[in-house]
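Each remark here refers to the structure printed beneath this line.
The values are calculated or read from the model by the stated rules, or taken from the named source; none is laboratory data. Source: prediction; values computed, not measured. Note: ideal-geometry Cβ built from the backbone for every residue, glycine included; neighbour counts use all protein chains shown.
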Amino acid sequence: MYWWSFPRLPPLIFLVVGILAFLIYPVFFDWSIRRKVSAAYRDENKRATLSTRALRIIDGGLQEISGLGETKIKWDVISSITEAPTYAIISTQSAPSMIIPENRVSRDDYKTFVMECPQHCRENAA
């Protein structure tokens, strides 16, 4: 006898595989995400990328201080500064954009920062 001799067997197999997939996938997905995140935090460079940074306005541009050290971004490299209701985005020509959430900065410092950056960019472009 062959399996195709039993007409109810293929739907039963399909049902069992479907139920197993439904039960196993969430566990596998959680395990996969945890493994990827922990791998990202084990690597020193990636950990610094995901870490908290300090950003200051200096004479020549912006100074970014992170776990890896400090970086200076000149005003002429900054292509745009966009303000949204809860964050500001600083786009540069060569590096990834920086997102500054308003709730992570004191209110007065955030408003001052968002107002001063475009002025420095315009002064440098002129």
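Miscellaneous remarks
- All positions within the stretch 51-66 that are out of contact with any helix residue (DSSP H, G or I) (no Cβ under 9 Å at 6 or more places or on another chain), polar (S, T, N, Q) and not in a strand (DSSP E or B): 51
- Any hit, the stretch 26-35, residues being surrounded by 10 or more Cβ atoms within 10 Å (Cβ to Cβ) and in contact with a helix residue (DSSP H, G or I) (Cβ under 7 Å, 6 or more places away or on another chain): no
- The residues of the stretch 43-55 that are surrounded by fewer than 11 Cβ atoms within 10 Å (Cβ to Cβ) and at pLDDT 80 or above amount to a single one, 54.
- Selection status of residue 97, touching a strand residue (DSSP E or B) at 6+ places or on another chain (Cβ under 7 Å), surrounded by 11 or more Cβ atoms within 10 Å (Cβ to Cβ) and under 29 Å from residue 37 (Cα atoms): yes
- Answer residue from the stretch 79-89, given it is under 30 Å from residue 42 (Cα atoms) and in contact with a helix residue (DSSP H, G or I) (Cβ under 7 Å, 6 or more places away or on another chain) and is surrounded by the fewest Cβ atoms within 10 Å (Cβ to Cβ) among those: 87
- Residue in the stretch 67-78 that is in the same structural domain as residue 106 (by TED's automatic domain parsing), surrounded by 12 or more Cβ atoms within 10 Å (Cβ to Cβ) and part of a loop (DSSP other than H, G, I, E, B) present: yes
- Qualifying residue in the stretch 62-72 (condition: on the phi > 0 side of the Ramachandran plot and not aliphatic (A, V, I, L, M)): yes
- Number of the exception - residue 65 against (1) touching a Cys at 6+ places or on another chain (Cβ under 8 Å); (2) within 26 Å of residue 41 (Cβ to Cβ): (1)
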